[in-house]
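Reading through the structure tokens given below for one structure.
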Amino acid sequence: MPNKKILNKYAHLAVEMGANVQKDQLVWINSSTETRELTRLITEYAYEAGAKEVHVNWNDAFVGKLGLANKSLETLKDVPTWLIDKFKDFTEKEGCVISVSSPFPGLNKDIDPKRLQTRSMATSKALNFFREHMMGNRSQWSIVAAPNSVWAQKVFPELETDEAIEKLWDAIFKASRVTADNDPVKEWKKHNQALLKHNNILNDHQFKTLKFKNSIGTDFTLDLVKNHVWSGGREISKNGVTFNPNIPTEENFTMPHKFGVNGKVVATKPLNYQGNLIEDFWLEFKDGKVVDYGAEKAEPSLKNLIEFDDGSSYLGEIALISYHSPISMSNTLFFNTLFDENASCHMALGRAYPMNVKNGNDMSKEELEEVGSNQSMTHVDFMFGSKDLEVIGLKENDEEVQIFKNGDYVI
Ligand code: ZN
Ligand code: ZN
């Protein structure tokens, strides 16, 4: 286990800067049974911050896998009313959520992809109101991470399990700006300011179109919605509380126009989806829609993602991160999107964040569709940044501005 002092700082960071737990607020923690120690500390700090009640949604990937393998298709489709009611109660009470991400990459590789799809479609559909609530920032949410043995061995296969776990903790702390002798909360305030700087520059330009190109085959144009808003770092919930949805985060992101993406994108990192690792894949877009794709590994999982629903073959996010960002320079492939997406420019298939268009959090679904915001029951990021990526912004008056040169920001 990691140094107690650092683990305490990390848990405190999740409560104070991550979710920013408010007095008398209901707190949910989503946690694996493998990450108990961190979850207990987060619980302690949440009560210290004045939480009314801390409730942990425990999950166990191995128990989950047994269910996926053994339940009938009918049962996989069934999401019980009591579970839906639990989420309804939570949204009505405007609780905040801290999720401890601890993936098991490849765990479900021998489960029939159709069974995985049936289950995730059923839960996404039944709990879509919850996704809309959280993605609309109606209350605060935050994701942090903690290792488990499967994940740690995937990241550091050359090490013994205990050593791999130790090394993964170190990498998580480093990426999250938590060290033995710093004040992480202070670091994060500074970091939020730096991210805000790029948001402001990009917002001032109000680019009509972005053009992306590199030497491995990525070559596409992407229109942004009118009055788009670049976000990144600190966000504000509907009840006016600031929070940091992702720890770590290095990205500036905004809303592509649903029908304005044309060309090919080649992924530069694997994607862990439904417990399967999709590797060496590419997508081709026409008028916003994925019209062709391929993957060297786990192509059926990529197919599951693209065919998930009407909106999952369109984009809902485009994000810029310099190639020379700290997480990228650690040269660690995390097999966890929370980290890998912050080491690389990425895009997301599925639903767009309403906040990425002016007044979006107050718009109805129809109004959002009207401005070109993609709607879907899913939102999955994947990475395509590279050290030679060029990004050019085209303004309303057709003036061109170089945004990225050789993988990094030049504005
Ligand atoms: Zn993102
Ligand atoms: Zn995303």
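Each value in this text was obtained by applying a stated rule to the coordinates, not by laboratory testing. Because the structure is a prediction, the values reported are computed rather than measured. All Cβ positions, glycine included, derive from the backbone under ideal geometry; neighbour counts span all protein chains shown.
What to note about this one:
- Segment LYS114-ASP181, length gained on full extension (0.36 nm per residue, minus Cα span): 19.2 nm
- P(r), alpha carbons of segment 143-296 - 10 Å bins starting at zero, rounded %: 9, 24, 31, 28, 7, 0
- Largest GNM mean-square fluctuation among GLU235, GLU34, GLU160, using the chain with Cα springs under 10 Å: GLU160.
- One quarter of the surface of the convex hull around the alpha-carbon atoms of segment 121-223 equals 11.8 nm², the direction-averaged projected area.
- Segment 311-342 residues near the modelled ASN3 label - backbone nitrogen below 11 Å, point 7 Å along Cα→Cβ: none
- Phi-derived couplings, Karplus 6.51 cos²θ - 1.76 cosθ + 1.60 at θ = phi - 60°, listed residue by residue for segment 207-216: 4, 7, 9, 10, 10, 10, 7, 8, 7, 9 Hz, with x used for Gly and Pro.
- Net charge of Cβ neighbours under 9 Å - reference ALA267; Lys, Arg +1; Asp, Glu -1: -1
- When the C-alpha to C-alpha distance is required to be over 21 Å, the pairs from LYS52/LYS86; LYS125/LYS286; LYS23/LYS365 that qualify are LYS125/LYS286; LYS23/LYS365.
- Here the mean projected area of the convex hull built on the C-alpha positions of segment 219-329 is 8.6 nm².
- The mean sequence separation of alpha-carbon pairs under 8 Å and at least six residues apart, normalised by the residue count of the chain, gives a relative contact order of 15 percent.
- Euclidean distance of C-alpha centroids, segment 386-411 and segment 81-135, integer Å: 37 Å
- Each semi-axis of the equivalent ellipsoid for segment 63-142 is √(5λ) with λ an eigenvalue of the Cα gyration tensor; in descending order they amount to 26, 16, 10 Å.
- Size descriptor, Kirkwood hydrodynamic radius, that averages inverse alpha-carbon separations across segment 205-244, Å: 13.0 Å
- Violating pairs (Cα-Cα greater than 30 angstrom) within the set LYS258/LYS387; LYS190/LYS303; LYS167/LYS387: LYS190/LYS303
- Every Cα-Cα pair in segment 1-145 was counted, and those over 19 Å apart are 57% of them.
- The spread of Cα positions in segment 324-375, taken along each principal axis and listed from longest to shortest, comes to 43, 18, 13 Å.
- Average projected area [Cα convex hull, segment 166-240], square nanometres: 8.7 nm²
- Reachable aspartates and glutamates, given that their alpha-carbon falls under 14 Å from the alpha-carbon of LYS71 and they are not under 8 places away in the same chain: ASP112
- Calculated on the alpha-carbon coordinates, the convex hull of the chain measures out at 134 cubic angstrom per residue.
- Per residue convex hull volume, Cα atoms of segment 274-378, in Å³: 122 Å³
- Listed by Cβ neighbour count within 10 Å, with the fewest neighbours leading, VAL100, VAL185 appear as VAL185, VAL100.
- Summed over qualifying helices (DSSP H, 4 residues or more, each -39500 (n - 2.57)) and divided by its residue number, the chain shows a 222 nm mean residue ellipticity of -10000 deg cm²/dmol.
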